[in-house]
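Each value in this text was obtained by applying a stated rule to the coordinates, not by laboratory testing. All figures in this text were calculated on a predicted structure; none of them were measured in a lab. All Cβ positions, even for glycine, are placed from backbone atoms using ideal geometry, and neighbour counts span all protein chains on display.
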Amino acid sequence: MSNQENNSSGSGRFHMTVLQSGLVWFGAGVSIAEILTGTYLAPLGFWKGLAAILTGHLIGGLMMYFAGIIGGRTRRSAMETTRMSFGRLGGIFFALLNILQLVGWTAIMIYDGAGAVNELFKAGIWVWALVIGGLILLWILVGLTNLGWINRISMSALFILTLILSGVIFRHGMLPETAQTSIPFGAAVELSVAMPLSWLPLISDYTREAEAPGRATLASVLVYGLVSVWMYVIGLGAALFTGQSDIAGIMAKAGLGVAALIILILSTVTTTFLDAWSAGISAESLDGRLSGKGKTIAAVVTVIGTLGAALFNMDDITGFLYLIGSVFAPMIAIQIADFFILKKNHDAEKINLRNLIIWAIGFALYRFLMTTDLPLGRHKKSFIAFLQVS
């Protein structure tokens, strides 16, 4: 990397400390969507489900770490780093895909949070969607650089309340000894890796701002990974030990009341804020005329997501999770190979057709392998293959 590349987007920026990075990714990990995804693994039983969760997060965490290091070292946003492997037009292509997935995630997160809150305090999902959307807009208005004390208070509250929730769920007796077989282990791993994989196109948006990119990336991935595993295990335990996948119902029976309301709303806001904020950063990479308008675009994405959550049913997101894997797993495999192994940079090219063809093959292979069950999930096989091919 040249000095120009290293400094192209890092000058004059606020620099996040390791602690701030950890707090941001703690908030990303505490998510109703991750708890709900954990419930899907209940047919495996506790120990096999836990093995799938740990395996998936180890694989996803490694890819997330390398993606964060690329952005941290080059001081580029996530979508700016894609240009280094796919050229300028290729970078625009992936930025558009990323914006679409972030709009989708924004809507899904708000919908999940609003639905859970509505189970406790009946007012209508659309009402709670508007409340949560309004709070996310407030987070965006404050801005990433000014969230220090708010993040500390929010994360402390979430940590304490999530401990209480864990105690409520795991006090329900002995672990189940037998497992059903309605979900293959490979599919369970795939669902476990899907969440860290969904952050691949975002993590560089934050590691590029870090004072110490290497340490900040490691802290971000470790904090997110541990918290995400925790959320999955809460979902798994809820389904197995209480016989319910309705987290709001479990909270209500436990008498958490206002505490449950705080958990559900605050966790939704802190996670969804990152999706909307990164959508704005990705949009800035599309056209120089959008530079500096990231906060406005993030607000627009939040409004769209809020309307989507209020108007549409989004109960089943497994197809969406698999689509994310098929798009971004081969993308990051090619980036890792170019940056760490081949030491290539195609940023000056209009488009790198070779890498785009390899990505397209990876995408098609992933979709084809969705009809089979592999011990480590679908995209891991293509990930290894594309490291070799690239």
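Points worth noting:
- Residue exposure sequence - Trp277, Trp126, Trp199 - by fewest surrounding Cβ within 10 Å: Trp126, Trp277, Trp199
- Net charge of the neighbourhood of Leu89, taken over other residues with C-beta under 10 Å away and scored Lys/Arg +1, Asp/Glu -1, is +2.
- When the alpha carbon coordinates of region 23-97 are projected onto the principal axes, the ranges are 47, 26, 21 Å, largest first.
- The alpha carbons of the chain give a radius of gyration and a Dmax of 20.1, 61 Å, in that order.
- Amide proton proximity set for His346, modelled H, under 5 Å, gap of 5+: Ser85, Gly87
- Here the 3J(HN,Hα) profile of region 84-100, calculated from phi with Karplus coefficients 6.51, -1.76 and 1.60 at θ = phi - 60°, is 5, 10, 10, x, 5, 5, x, x, 5, 4, 6, 5, 5, 4, 5, 4, 4 Hz, Gly and Pro shown as x.
- By other beta-carbon atoms within 10 Å, ranking Asp347, Asp246, Asp275 with the fewest at the front produces Asp246, Asp347, Asp275.
- Put simply, the amide H of Ala210, placed in the peptide plane, has neighbours under 5 Å in Met16, leaving out anything fewer than 5 places away on its chain.
- Distant-in-sequence amide contacts of Lys293, defined by a placed amide H-H separation under 5 Å and a gap of 5 or more residues or a different chain, comprise nothing.
- Counting other Cβ atoms within 10 Å as a rough exposure proxy, the listed residues Thr296, Thr162 run Thr296, Thr162 from fewest neighbours to most.
- Inter-part distance where region 58-136 and region 221-297 are each reduced to a Cα centre, Å: 11
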